[in-house]
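Chemist: Structure in structure tokens, see below.
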Amino acid sequence: MRLKTFIATYLLFLAVLFSSIGIASFYLNNSQIDMLKDKSTGQFQTIVSSLDRDVAVLWGRQGGRELVEGGFYDAVDTLVRGYARYYARHNIDISVSNIRLSGSEPPQSEIKFIGNDEGYFIFITDFLAEPFGYFLLDYHLDITESIVEMRSIQNTLLFSVIAFSIIAAIGLYLVLSSIFRPLTIVAKTSRKIASGEFGERIPIKSNSELAQVAIDFNKMAEHIERQIILLEEEAENKQQFVDNFAHEMRTPLTSIYGYAEYMQKAILEDGEVVELSERIMNRAGYLQNIANSLLQLAMLRDYTPDKKAIQVQHLFDDITQTVKGQIDDAGIKLICKPDTDILEGQEDLLKSLMLNLCLNAIKACTPNKGVINIEAEDEDGVVTLSVTDNGYGIPAESLTKVIEPFYRVDKARNSKDGGAGLGLTLCHKIAEAHGAEMIIEPAIGVGTSVKIIFGNGA
């Protein structure tokens, strides 16, 4: 594109330049000739006036007689030769002819420019004033030197224009190279991005329109890179989900298969049959919990909750009653602080969210030492639900990962407690469905704090 633009622009420049020079040369040439014609006409009129006056003087000396010895015509001829010698020094050739004596048809008065192999001349022909109108004056001005000088100037100008056009070509190429440099960089960068180097960017060093193209290209490249990263992360998360799911399913299924095979092949007493059946049912219940959680996650995808006014005190009381047995068994203290009355949302989903958070907090606390705080506060229309415990906490590197399906901070502890790593994933999806933000952070001192922040109108 740069080469095509250079050729088109340069050809247009040459066409305009040489057309202008041609028109200017033609105009100057004609102006020079017209000026020389005007000068010659003035000189011719001066010569005619002088001859008229001198011929009249000769006529008077001859007593008004034309044909006398050493007559009037000879005197005029002598006079004209004197004029001719004088003007010859100025490249002017003059002659006078008597049409009475020649007997030819009198020519018309004229002025003309003639150029031939001998040079360039201006010819003027006219008659003297009456009563000597039968004398014809021929005026020849040699302007070869002036024309040659003008042609030399034109040639010098032409060579100068050619040199200027060459310099202009170099300058134009450099200017276009500078202008199109961003596009060249864009082309190179786009090829790198197409080959998989998505982090490649165009350096911006100006504020031109082409630089703006580079800026827009960088924005597009950043968007593409973000999308690629998201796709890669999504693919990685899906693969991680499949791997985790397979791992979670394999252990209970292996146990169920082993217990069932043992019951089939071994001779068992009634008590042993009951014990093995309970183990099989426990593993089957674990699988059922996973299935229910996955089903709920699938339901929450693009789900719009049926929001209604919820009594926060009633919600907290319900949760307290649900976990009372587990809290009492673990010797954990549960503190509720409902500092706001109403919350907009779907009650069963929010109850499931808070219940999951409380169960996680109970598992994280040390028996007989744990304290769990459930709070609700309203600040300028922004309602925040929070569950804070003083348990073993979550490592900083795991804070952003705990919402991933099947992710476990402490795999041994969660396996023992029967968790599959889907509770916080469900909480996050429920919060998203309500347009809320779930923030997980270390509690002040020790433990973990999970906050659900509802925007205005949530």
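The values are calculated or read from the model by the stated rules, or taken from the named source; none is laboratory data. Not measured: the values here are computed from a predicted model. Cβ: placed from backbone, ideal geometry, glycine included. Neighbour counts: every protein chain shown. Accessible surface is based on the protein model in full, side chains and every heavy atom, while ligands, DNA and RNA are left aside. Shrake-Rupley method; radii C 1.70, N 1.55, O 1.52, S 1.80 Å.
Chemist: Going residue by residue through the range 83-96, is there one that turns out to be at pLDDT below 85, under 60 Å from the mean Cα position of the chain (by Cα) and open to solvent by 80 Å² or more (accessible area, probe 1.4 Å)?
Modeler: The answer is no; no qualifying residue exists.
Chemist: Out of Val175, Val148, Val161, I need the residue that is of a type outside the set (Phe, Trp, Tyr) and open to solvent by less than 40 Å² (accessible area, probe 1.4 Å). Which one? Lay out the reasoning, then the answer.
Modeler: Details: Val175 fails: open to solvent by less than 40 Å² (accessible area, probe 1.4 Å); Val148 fails: open to solvent by less than 40 Å² (accessible area, probe 1.4 Å).
The unique qualifying residue is Val161.
Chemist: Going by what's in this entry, would Asp339 be described as assigned by TED's automatic domain parsing to the domain that holds Val382, open to solvent by 80 Å² or more (accessible area, probe 1.4 Å), closer than 21 Å to Asp389 by Cα and modelled with pLDDT under 90?
Modeler: Criteria met by Asp339.
Chemist: Next question. For the range 358-374, enumerate the residues that are touching a helix residue (DSSP H, G or I) at 6+ places or on another chain (Cβ under 8 Å) and under 18 Å from Gln313 (Cβ atoms).
Modeler: Cys358, Ile372, Ile374 - these are the residues of the range 358-374 that are touching a helix residue (DSSP H, G or I) at 6+ places or on another chain (Cβ under 8 Å) and under 18 Å from Gln313 (Cβ atoms).
Chemist: Those residues that are in contact (Cβ under 8 Å) with a residue 60 or more places away in the chain and part of a helix (DSSP H, G or I), I need them from the range 121-163; list them, please.
Modeler: Ser146, Ile147, Met150, Gln154, Leu157, Leu158, Val161
Chemist: Over 30 Å from Val148 (Cβ atoms), at pLDDT 85 or above and under 46 Å from the mean Cα position of the chain (by Cα): which single residue out of Leu11, Leu51, Leu3 fits that description? Can you show your working first?
Modeler: Numbers: Leu51 fails: under 46 Å from the mean Cα position of the chain (by Cα); Leu3 fails: at pLDDT 85 or above.
After ruling out the rest, the residue left standing is Leu11.
Chemist: Only one of these is within 30 Å of Arg250 (Cα to Cα), within 56 Å of the chain's Cα centre (by Cα) and exposed (fewer than 15 other Cβ atoms within 10 Å of the Cβ): Ala298, Ala309. Name it.
Modeler: Of Ala298, Ala309, the one residue that is within 30 Å of Arg250 (Cα to Cα), within 56 Å of the chain's Cα centre (by Cα) and exposed (fewer than 15 other Cβ atoms within 10 Å of the Cβ) is Ala298.
Chemist: If I ask for residues that are polar (S, T, N, Q), over 17 Å from Thr322 (Cβ atoms) and surrounded by fewer than 18 Cβ atoms within 10 Å (Cβ to Cβ), which ones from the range 343-375 would you list?
Modeler: Thr366, Asn368
Chemist: Identify, from the list Tyr286, Tyr257, the residue that is part of a helix (DSSP H, G or I), more than 57 Å from the chain's Cα centre (by Cα), under 25 Å from Leu422 (Cβ atoms) and outside the structural domain of Thr384 (by TED's automatic domain parsing). Walk me through how you get there before you give the answer.
Modeler: Values: Tyr286 fails: more than 57 Å from the chain's Cα centre (by Cα).
Result of the check over Tyr286, Tyr257: Tyr257.
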